[in-house]
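The values are calculated or read from the model by the stated rules, or taken from the named source; none is laboratory data. Just so we're clear, the structure is a prediction, and the values are computed from it rather than from any experiment. In this analysis, Cβ positions are derived from the backbone assuming ideal geometry, glycine residues included, and neighbour counts consider all displayed protein chains. The accessibility values were calculated without ligands, DNA or RNA, using every heavy atom of the protein model including side chains. Shrake-Rupley method; radii C 1.70, N 1.55, O 1.52, S 1.80 Å.
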Amino acid sequence: MKTAITASTLLTPLERIDSPLVLIEEGRITAVSSRIETELPPNAQHLDYPELVLAPGFIDIHIHGGSGHDVMEADDASLAAIEAGMARHGVTSYLPTTVTAPEDRILRALQHLGRSISHNRRTKRSRPLGIHLEGPFISHAKRGVHPPENLVSPSKELFGKYWEASAGTIRMMTIAPELAGAPETIAEAKKVGVHSSIGHSNATYAQAVQGIMAGADHATHTFNAMRPLDHREPGILGAVLSEDRLTADLIADGIHVDPSVVKLFLQAKGTERAILITDAISATGMPDGIYKLGAFEVEVRGDRCEYQGKLAGSVLTLDRAVRNVMSFGGWKLQAALRLVTFNPARLLGITATRGIVAAGCDADLVLLSPEGNIVQTIIAGETCL
Ligand SMILES: [Zn+2]
């Protein structure tokens, strides 16, 4: 069946098209034009959103859970709940993100997620694109809430073990570049197409650059779990903010990073290199209480998630992060949308199918108010809300 979507404006997000007409067939976009130049095909189902903005579905490259469940539970029903929750906030694809845990627990999670990614028969739910391995290759000094007893030195061998358990579905790995064995592990990961993201790190500027030279091309939750910026020893933050070879992501909830520093980050990385993540945990979309993050429990009150007095993930949703960038940074919707669509897709090398509204791409779309509130999410051509 053919579907024709019309809206007030399309933000591709690289371009803006007024009165857009987007045609969908079998879950893919077949044509993108304006109603001014193209007539509505007579045999198509017509979805008309005259007041709304049409944009690509959002991609969250760092998310641990939601709707009361964690991606490490290794259970299909839990993943289904998490993915349905994400779809309500415009996230049409994502990287399920593991945390540091005992080795057998990480391996079990990777096996389950790997199977779930390879046999993707989801409908009306956010779809996993691959796994983000966050820990155990991180710094003791900047571990955040990751359990210290399970941190390990990076090695090609251990990475290979994880890679195999995941059936080759790991797409991103957060790693502290200063650790012995990190450059070799980053280079090995790059060989199999895994993006290394520097983070949870106490690296000096020189050590961070070493990680970039080895192949790291991204940075994980900038400012959080990173050696602070000093103007004489800029440290990892100096590299993350100034290096054009790196894209970088941020938790723009106004809690993890002050709104003024969110603005500073946006100015430093710009529309081309900034990416928004949620780092959301199982408590997202749930009332206050005690919730799981990997193998440990986190106390959630209001918008804060804490474990032993430290911030432990968030209950942020990606649509709210977009609105926060508009309010903290004064950015327009089009620029803010790029940070959750085209930029993460480009980092993952998947702009041929995602992160942009163009013929040939998967029909993963959102419809939002001009203020950035999600009204409808479309995944593989099907409306979810
Ligand atoms: Zn995280």
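Restricted to the stretch 299-310, and to residues there that are at pLDDT below 95 and closer than 23 Å to residue 106 by Cβ, the residue that is most open to solvent (accessible area, probe 1.4 Å) is 308.
Return a yes/no flag: does the stretch 83-92 have any residue that is part of a strand (DSSP E or B) and buried (at least 20 other Cβ atoms within 10 Å of the Cβ).
Quick first cut of the stretch 83-92, residues part of a strand (DSSP E or B) only: 91-92.
Now narrow it down to the ones that are buried (at least 20 other Cβ atoms within 10 Å of the Cβ): 91-92.
Yes.
Taking the criterion of being over 12 Å from residue 237 (Cα atoms) and touching a Ser or Thr at 6+ places or on another chain (Cβ under 7 Å), the only residue of the stretch 191-210 that qualifies is 197.
Each row is one residue, and each column tells you yes or no for (1) touching a Pro at 6+ places or on another chain (Cβ under 9 Å); (2) over 30 Å from residue 150 (Cβ atoms).
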{"residue": "307", "(1), (2)": "no, no"}
{"residue": "312", "(1), (2)": "no, no"}
{"residue": "324", "(1), (2)": "yes, yes"}
{"residue": "333", "(1), (2)": "yes, yes"}
{"residue": "338", "(1), (2)": "yes, yes"}
{"residue": "346", "(1), (2)": "no, yes"}
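With the structure loaded, tell me whether residue 84 is among the hydrophobic types (A, V, I, L, M, F, W, C), more than 14 Å from the ligand (Cβ to nearest atom) and at pLDDT 95 or above or whether it fails that test.
Values: among the hydrophobic types (A, V, I, L, M, F, W, C): yes; more than 14 Å from the ligand (Cβ to nearest atom): yes; at pLDDT 95 or above: yes.
Yes; evaluated as a whole, the condition is true for this residue.
In the set (1) out of contact with any Ser or Thr (no Cβ under 8 Å at 6 or more places or on another chain); (2) more than 12 Å from the ligand (Cβ to nearest atom); (3) closer than 30 Å to residue 366 by Cα; (4) among the hydrophobic types (A, V, I, L, M, F, W, C), residue 312 fails one condition alone, (2). What tally of residues in the stretch 363-383 results from selecting those that are under 20 Å from the mean Cα position of the chain (by Cα), outside any strand (DSSP E or B) and in contact (Cβ under 8 Å) with a residue 60 or more places away in the chain? Number of matching residues: 3. Each residue in the stretch 234-262 was checked for being away from the ligand (no atom under 16 Å from the Cβ), in contact (Cβ under 8 Å) with a residue 60 or more places away in the chain and under 21 Å from residue 341 (Cβ atoms), and 2 of them qualify.
Just one of the listed residues (124, 142, 161) is of a type in the set (Lys, Arg), within 22 Å of residue 208 (Cβ to Cβ), open to solvent by 40 Å² or more (accessible area, probe 1.4 Å) and not in a strand (DSSP E or B), namely 142.
Matching residues to (1) at pLDDT 95 or above; (2) part of a helix (DSSP H, G or I); (3) over 26 Å from residue 352 (Cα atoms):
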residue: 22; (1), (2), (3): yes, no, no
residue: 42; (1), (2), (3): no, no, yes
residue: 94; (1), (2), (3): yes, no, no
residue: 109; (1), (2), (3): yes, yes, yes
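The listed residues are 129, 95, and the only one of them that is out of contact with any Asp or Glu (no Cβ under 6 Å at 6 or more places or on another chain), open to solvent by less than 30 Å² (accessible area, probe 1.4 Å) and touching a residue at least 40 places away in the same chain (Cβ under 8 Å) turns out to be 95. Tell me whether the stretch 112-124 contains one or more residues that are touching an Asp or Glu at 6+ places or on another chain (Cβ under 7 Å) and closer than 28 Å to residue 252 by Cα. Yes; the residues of the stretch 112-124 include at least one that is touching an Asp or Glu at 6+ places or on another chain (Cβ under 7 Å) and closer than 28 Å to residue 252 by Cα. Scanning the stretch 186-212 for residues that are more than 21 Å from the chain's Cα centre (by Cα), open to solvent by less than 40 Å² (accessible area, probe 1.4 Å), within 22 Å of residue 144 (Cα to Cα) and not small (Gly, Ala, Ser) returns a single hit, 204.
In the stretch 219-233, the residues that are open to solvent by 60 Å² or more (accessible area, probe 1.4 Å) never reach a residue that is modelled with pLDDT under 95 and away from the ligand (no atom under 16 Å from the Cβ) with C-beta atoms less than 7 angstrom apart, at least six apart or across chains.
When each of 281, 236 is tested for being under 30 Å from residue 103 (Cβ atoms), open to solvent by less than 10 Å² (accessible area, probe 1.4 Å) and in contact with a helix residue (DSSP H, G or I) (Cβ under 9 Å, 6 or more places away or on another chain), the lone residue that passes is 236.
If the condition is being open to solvent by 40 Å² or more (accessible area, probe 1.4 Å) and either within 14 Å of residue 263 (Cα to Cα) or outside any loop (DSSP other than H, G, I, E, B) (or both), then the stretch 321-362 contributes 323, 326, 327, 328, 330, 331, 332, 334, 346. When restricted to residues that are without any contact (Cβ under 8 Å) to a residue 12 or more places away in the chain and acidic (Asp, Glu), the stretch 198-218 contains 0.
When the stretch 10-20 is examined, which residues are found to be in a loop (DSSP other than H, G, I, E, B), without any contact (Cβ under 8 Å) to a residue 24 or more places away in the chain and at negative phi? So that I can check it myself, show each step before the final result.
At the first step, the residues of the stretch 10-20 found to be in a loop (DSSP other than H, G, I, E, B) are 12-15, 19.
From what is left, the residues that are without any contact (Cβ under 8 Å) to a residue 24 or more places away in the chain are 15, 19.
Result: 15, single match.
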